[in-house]
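Colleague: Just dropping this structure here.
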Protein chains: 2
Amino acid sequence: MVSIKDVARMAGVSDKTVSRVVNKEPNVHADTLQRVEAAIASLGYVPNMAARLIRSNRSRTFGIITDFISTTPYSGDIVRGIQDWANANGRTVFLANTNGNLDRERETWRTFQSHRIEGVLYVTMYHRVIDPEPDEVEIPTVLVNCRPGSKKPYVSIEPDDLQGSRDLTRHLLEKGHRRIGYIRLNPRLLGAELRYEAFRGTIRDAGLSEKDIDVRLGMDGAIGEENNYVFAAAREILIQPDRPTAIICGNDEMALQVYIAALGLGLSIPNEVSIVGFDDFRTVSHAVKPELTTAALPYYDLGYCGAERLERLLEGEVLEPKHAMLPCRLVERGSVGSV
Amino acid sequence: MVSIKDVARMAGVSDKTVSRVVNKEPNVHADTLQRVEAAIASLGYVPNMAARLIRSNRSRTFGIITDFISTTPYSGDIVRGIQDWANANGRTVFLANTNGNLDRERETWRTFQSHRIEGVLYVTMYHRVIDPEPDEVEIPTVLVNCRPGSKKPYVSIEPDDLQGSRDLTRHLLEKGHRRIGYIRLNPRLLGAELRYEAFRGTIRDAGLSEKDIDVRLGMDGAIGEENNYVFAAAREILIQPDRPTAIICGNDEMALQVYIAALGLGLSIPNEVSIVGFDDFRTVSHAVKPELTTAALPYYDLGYCGAERLERLLEGEVLEPKHAMLPCRLVERGSVGSV
DNA sequence: ATCGCGATTGACGACGTTGTCATAAAAAAT
DNA sequence: ATTTTTTATGACAACGTCGTCAATCGCGAT
């Protein structure tokens, strides 16, 4: 591997002068500069980050720790967002996923430590409460798409499920819906709690009562091996004579099942029943006809802003608020009609 | 940051002895070993990879270059597969995505070079032909989910679209279907070509003629902003008096639209029409009722095996075949009936 | 007691880079 | 013309680790 010394020899200068050129320091004579640059190009010299790191103790590197990458289809966008920020700001990114294995997580922290990573983005693939286990390692950390439990006061960035659910509910109310069905997410998901809570609050504020809503549990059980009651629940809701005019689904995947159920019963969407989802999984929300009105999870922005927060943390800034929220934008498509 | 010298001082030995302990070299006295290990634990010492790298010139590091992470929902599983292999084999992974930007790609190659990454996994999010642009940088590379164009003879690993499509078609034929509809992927996708080709070949081998099949274009246009004709095409196919008894869809997202179209026409699946997809996007294939019979893209395995191939490449092995194929496993669910 | 041999340990340098300081050359000020 | 300042350059050390080689120690064999 060609080193700074090879370049120096070729350009007939000292290694330090080459270093100056590489780091764009001032006070290098134009002629020298040119000779050195020529040598660099001709030898294909690329500086050795490891050596640089040893001297400066600054790796310009972030690490990403994820749990499962694949439970939620588009959550990889978080990583893309982090990447893009990093790229735009001269940082490189290590990636490690733990598959939820605690030993592996601890090992990952040590590996990151050994690479002298400057900050960690701890990313979960669905919104939840988590306590990272860095063991004895101490690296500045931002939680993305999750919030810290009790153990340590981490900084975090999360989607605003409350606002998203509120907006969806209000949207239906504005369209005149007064009898509304609701199919709940697996209660083990943080989003289940938040979305349901916001739904109930918004319904109450609008003056509707318990009789006006029809709430069913769509899923339960351990993540990855849950029981799925959505299709059956949707049918039950829809075969009632005084069925709701709209159904709010815990997420888009559930909404899809409600579509299938409604169409199977010969109901027209949105004329006879309106449907909204949550998450904006585009393989679903764009593929169903009419396309699905939903609240988009801001995956990409979570990553991008999370990385930005981490940088600010490293600069010693005190982040306020400690737990930032990013809005879940309401995406109006064709699945909601007026009553 | 605590270094090997701090440990040495605390344990009352030389730095070299600590090094021996850290690297599990033999010939260290039991007492010494214990003292050193105690010091390591008490100081929380973690070896500095950068320093190690400088000495040994071996970074034990892979880099991943991806194009877009998010066009295809579960393709992130490729990265997960790579990760898992890396983790099991003592390697750490850098990640960079280029968003399809060529300048960024070239910059990424240099960045990787500067970190003295030992090998690159060049990953595309959908199956296609590509020419990586490493500029002058030379790092051993394996292409994952893509095949090299003309420029350089890269090693690759790809899904076997031909086999998957053949299996799906045969499956329908075995179930007695003799009139089959086919909705094509965007022709710009490599999978479109391969899957369609295998379909036609299999149909021909079975002795069916052109009149027995009904082929429509589902999508075209630039990736990410395509025109979508699937829903309309599905309706056209299904309203014919002598409509096909089964429809093969370019992928699961298209299959979903065919579901919606069929159900909207009051047709029962699979009694009146059978449907198969491709890819096994689980948000779709598990959510539709009946669940979707499809061919699963082996994303995770592509990553895992790709990493393995890269390792073998680094060890100097000559890989045969140069372009490995991984099968697209037929997943039988409920969307196909017998005729 | 002497020798031989393996086990155990440390001194030292090198890896590629950059910070510090010194020196030399050129430009500006006197 | 001399002094001061600025610009340009290099020598050297240091970062943390490990390879090399030499030194010391213990212990059984002679």
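Bear in mind these aren't lab numbers, they're just calculated from the coordinates by the rules spelled out. Every value quoted in this text rests on a predicted model; they were computed, and no experiment measured them. Neighbour counts are summed over all protein chains in view; Cβ atoms, including those assigned to glycine, are modelled from backbone coordinates with ideal geometry.
Colleague: Would you mind checking the tilt of helix B:252-264 against the longest principal axis of the Cα atoms of chain B, expressed as 0 to 90 degrees and rounded to 10?
Modeller: Approximately 30 degrees, to the nearest ten.
Colleague: Which FRET efficiency, nearest 0.05, do A:Ser114 and A:Glu332 yield, Cβ-Cβ r, R0 30 Å?
Modeller: 0.05
Colleague: Now for a different question. In the range A:162-297, what percentage of the DSSP-assigned beta bridges are antiparallel, given to the nearest 5?
Modeller: Restricted to the range A:162-297, the bridges split so that about 10 percent are antiparallel.
Colleague: Can you give the Kirkwood hydrodynamic radius for the range B:199-339, in Å, rounded to one decimal and based on Cα pairs?
Modeller: 17.1 Å
Colleague: Right, something else. List the aspartates and glutamates whose Cα lies under 14 Å from the Cα of B:Lys152, skipping any in the same chain that are fewer than 8 positions away.
Modeller: B:Asp131, B:Glu133, B:Asp135, B:Glu136, B:Glu138
Colleague: Okay, moving on. Once the label point is set 7 Å along the Cα-to-beta-carbon vector, what list of distances in nm do you get between B:Asp6 and its counterparts in the other copies?
Modeller: 3.6
Colleague: Still on this structure: Mind scanning A:Lys289/B:Lys175; A:Lys289/B:Lys289; A:Lys24/B:Lys151 and naming the pairs with a C-alpha gap bigger than 23 Å?
Modeller: A:Lys289/B:Lys175; A:Lys24/B:Lys151
Colleague: May I pose another question? Between B:Arg170 and B:His286, 0.36 nm times their residue separation minus their Cα-Cα distance comes to what?
Modeller: 39.5 nm
Colleague: To check you understand DSSP bridge types, tell me what percent of the beta bridges within the protein assembly as shown (both residues inside) are antiparallel, rounded to 5.
Modeller: For the protein assembly as shown, the DSSP antiparallel bridge percentage is about 15.
Colleague: Which FRET efficiency, nearest 0.05, do B:Ile54 and B:Glu138 yield, Cβ-Cβ r, R0 22 Å?
Modeller: 0.60
Colleague: How long are the semi-axes of the equivalent ellipsoid of the range A:172-220, taking √(5λ) for every eigenvalue λ of the Cα gyration tensor, in whole Å from largest down?
Modeller: 21, 11, 9
Colleague: Distance between the C-alpha centers of the range B:259-314 and the range A:1-76? Whole Å please.
Modeller: A separation of 45 Å, based on Cα centres.
Colleague: Moving on to the next point. Along Cα→Cβ, 7 Å out, is where each label goes; now give me the distance between the ones at B:Glu320 and A:Met325 in nm to one decimal.
Modeller: So the label points at B:Glu320 and A:Met325 sit 6.3 nm apart.
Colleague: Still on this structure, I have one more. For B:Asp220, B:Asp77, B:Asp301, what ranking results if the residue with the fewest other Cβ atoms within 10 Å of its Cβ goes first?
Modeller: B:Asp220, B:Asp301, B:Asp77
Colleague: Roughly how many nanometres apart are two label points built 7 Å out from the Cα toward the Cβ at A:Glu236 and A:Arg178?
Modeller: Rounded to a tenth, the inter-label distance reads 2.6 nm.
Colleague: Let me ask something else. Taking a cut-off of 37 Å, what percent of all Cα-Cα pairs in chain B are separated by more than that?
Modeller: Counting every Cα pair in chain B, those more than 37 Å apart make up 36 percent.
Colleague: Given C-alpha coordinates of the protein assembly as shown, what is the ratio Rg to Rh with the Kirkwood estimate of Rh?
Modeller: Rounded to two decimals, Rg over Rh is 1.03.
Colleague: Let me ask something else. Considering only the label points, 7 Å along Cα→Cβ from Cα, what distances in nm to one decimal separate B:Arg178 from the same position in each other copy, shortest first?
Modeller: Here the equivalent label points are 5.8 nm apart from this one.
Colleague: With the label 7 angstrom out along Cα to Cβ, how close does B:Arg204 come to the same site in each of the other copies, in nm, nearest first?
Modeller: For B:Arg204, the other copies' label points sit at 6.8 nm, shortest first.
Colleague: Turning to a different aspect of this structure: Return the distance in nm (one decimal) between the two label points of a simple spin-label model at A:Ala30 and B:Met1, each offset 7 Å from Cα along Cα→Cβ.
Modeller: Computed distance between label sites A:Ala30 and B:Met1 equals 4.1 nm.
Colleague: Moving to a separate point now. Let me know the longest stretch in chain B that avoids all GluC sites (Glu not before Pro) found in a DSSP loop with at most 13 other C-beta atoms within 10 Å.
Modeller: The answer is B:1-135.
Colleague: Taking 37 °C and 0.692 mPa s as the conditions, I'd like the Stokes-Einstein D for the range B:101-248 in µm²/s, using the Kirkwood hydrodynamic radius from alpha carbon pairs.
Modeller: For these conditions, the coefficient is 184 µm²/s.
Colleague: Something else about it: By how many degrees, between 0 and 90 and to the nearest 10, does the Cα long axis of helix A:230-239 differ from the longest principal axis of chain A?
Modeller: Between the helix axis and the principal axis of chain A, the angle is about 30 degrees.
Colleague: Now a separate question. Given a Förster distance of 22 angstrom, what is the FRET efficiency for B:Arg188 paired with B:Asn101, based on the Cβ-Cβ distance and rounded to 0.05?
Modeller: So the FRET efficiency works out to roughly 0.70.
Colleague: Separate question: For A:Cys146, what charge total do you get from the other residues with a beta carbon under 11 Å from its beta carbon, if Lys and Arg give +1 and Asp and Glu give -1?
Modeller: Neighbour charge sum, excluding A:Cys146 itself: -1.
Colleague: Moving to a separate point now. Report the antiparallel proportion of the DSSP beta bridges in chain B as a percent, rounded to a multiple of 5.
Modeller: Restricted to chain B, the bridges split so that about 10 percent are antiparallel.
Colleague: Provide the gained length on full extension for the span A:Ser19 to A:Val129, in nm with one decimal, where the gain is 0.36 nm per separating residue minus the Cα-Cα distance.
Modeller: Answer, rounded to one decimal: 34.9 nm.
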